[in-house]
Amino acid sequence: MSGVLVFGATSLVGSHFVAHPPAGVAIAAAGRRSPDRIGIPPTRFDAVDLHDAKAVETVVAESPELVVVNFAARTDVDGVERERPAVASADPTLSNAYRVNALAPEAMARGARANGKFLITISTDFIFDGHRGPYAEAAPPDPLGPRVSWYGWTKGEGERRVRATLPQAAVVRISYPYRPPFGGKSDFAGWVREKGRSGALPPLYTDQQITPTWIPDVSSVVGALVAQRRPGTFHVASPTLTSPHGFATALLEADTGRRPELATGSLANRLQEPGVTPRPVRGGLVTGAAQALGCVLTSWEDGVRALAGAGRVP
Ligand SMILES: NC(=O)c1ccc[n+]([C@@H]2O[C@H](COP(=O)([O-])OP(=O)(O)OC[C@H]3O[C@@H](n4cnc5c(N)ncnc54)[C@H](OP(=O)(O)O)[C@@H]3O)[C@@H](O)[C@H]2O)c1
């Protein structure tokens with residue numbers, strides 16, 4: 001049986017992969033907390049904090065697994081924004097988010113390079129400024145500026161550092177990931193259902209373009225990459241576009257059988273207000289490389305239907 005070392009095994013996205021590993025693949029985990037706590041015991045757990053790049057490199061270099069998958073990140077976009085330096089010349093490594101999202105993946109790449117291992121790291125469409133999406137795999141990430149969040153920029157830096165260190169690595173970008181409820185961190189779909197049930201949904205954006213990612217597709221694509229060890233950039237997202245308002249309306253209609261009249265809002269207007277963290281308006285990902293691996297990606301319309309029919313699964 002082959003093995004994969006997973007960082008971020010407790011995460012919203014990574015916990016699905018470790019609960020549904022490819023056939024014949026044993027999962028070891030590394031990070032602050034073992035996925036034991038969410039009922040998924042790994043074959044081995046290496047305790048390591050991603051703020052410590054040297055320790056991360058050592059864990060990867062010394063692990064017996066030949067493939068490493070990184071789902072770990074600082075993902076609280078608004079919280080991470082508070083770490084954006086006041087001046088462009090400031091040292092980014094003073095930001096904990098930069099250390100976790102950029103320096104730790106680079107350290108994984110160094111550890112993998114030393115021993116001929118394959119690395120897959122997860123990224124986001126927030127590396128783009130969101131004015132010309134949906135974005136193809138080859139589109140260049142945007143520079144840090146008022147339209148790119150500190151989170152997005154640190155993730156883009158993680159990609160850049162991984163590619164520079166280990167050109168044979170794979171980067172998997174995703175966008176607004178959602179899955180059947182599992183008892184861990186909620187996602188956009190879970191939030192819509194919770195607020196929709198209590199009648200507390202705020203106005204939802206009609207002008208924001210998104211391509212929501214069905215999380216089981218991420219597990220399939222990562223599984224295919226584990227098997228094929230293919231380098232490059234792979235987008236995993238709905239091949240069709242929607243908006244938060246369109247997604248929420250269809251999800252609540254699939255859940256209840258009645259089409260709700262949800263209040264509408266504008267992200268472009270919201271971003272004019274002071275202190276609001278930038279997010280892509282015309283965002284989303286164009287897919288193609290993942291299908292070339294032999295994977296079928298789920299449209300948001302099919303994902304919503306699957307969600308409405310799904311119970312609580314791990
Ligand atoms: N969620 C989204 O909307 C979204 C959208 C696009 C892309 N992504 C990307 O998808 C990936 C997974 O995101 P997610 O939302 O599933 O993540 P998540 O649920 O927020 O979990 C974050 C993971 O990172 C680990 N982690 C964070 N800081 C760490 C540290 N200092 N040391 C060790 N481990 C640390 C956490 O471990 P603990 O158990 O110790 O907390 C947890 O496993 C990330 O690369 C993210 O950038 C997410």
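Coordinate-derived values only; no laboratory data. Everything numeric in this text was worked out from a predicted model, so none of it was measured. Here Cβ is always computed from backbone atoms with ideal geometry, including for glycine, and neighbour counts include all displayed protein chains.
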- Whole-Hz Karplus couplings 3J(HN,Hα) for region 168-174, θ = phi - 60° and coefficients 6.51, -1.76, 1.60, Gly and Pro as x, run 7, 6, 10, 10, 10, 9, 10
- Query: With axes computed from alpha carbons, what is the tilt in degrees of helix 150-165 against the longest principal axis of the chain, rounded to the nearest 10 within 0 to 90?
  - Reply: 30
- Message: Just to check, using Stokes-Einstein with a Kirkwood Rh over alpha carbon pairs, what's the diffusion coefficient of region 1-147 at 37 °C and 0.692 mPa s in µm²/s?
- Response: 200
- Task: Please determine, in degrees from 0 to 90 and to the nearest 10, the orientation of helix 244-256 with respect to the longest principal axis defined by the Cα atoms of the chain, where the helix direction is its Cα long axis.
- Result: 80
- Item | Check: the chain dipole with +1 on Lys, Arg Cβ and -1 on Asp, Glu Cβ, in debye | 220
- Query: Residue by residue, what Karplus-based ³J(HN,Hα) values in Hz, rounded to whole numbers, does region 131-136 have, using 6.51, -1.76 and 1.60 with θ = phi - 60° and x for Gly and Pro?
  - Reply: 10, 8, x, x, 9, 7
- Query: Points 7 angstrom from Cα along the Cβ direction at Q272 and S186: gap in nanometres?
  - Reply: 3.0
- Value of D in µm² per second that Stokes-Einstein yields for the chain, Kirkwood Rh from Cα pairs, at 4 °C (1.567 mPa s): 65
- Item | With eigenvalues of the C-alpha gyration tensor scaled by 5 and rooted, region 204-307, Å | 29, 19, 9
- Nearest 10, in degrees from 0 to 90: the angle of helix 300-309 to the longest Cα principal axis of the chain is 90
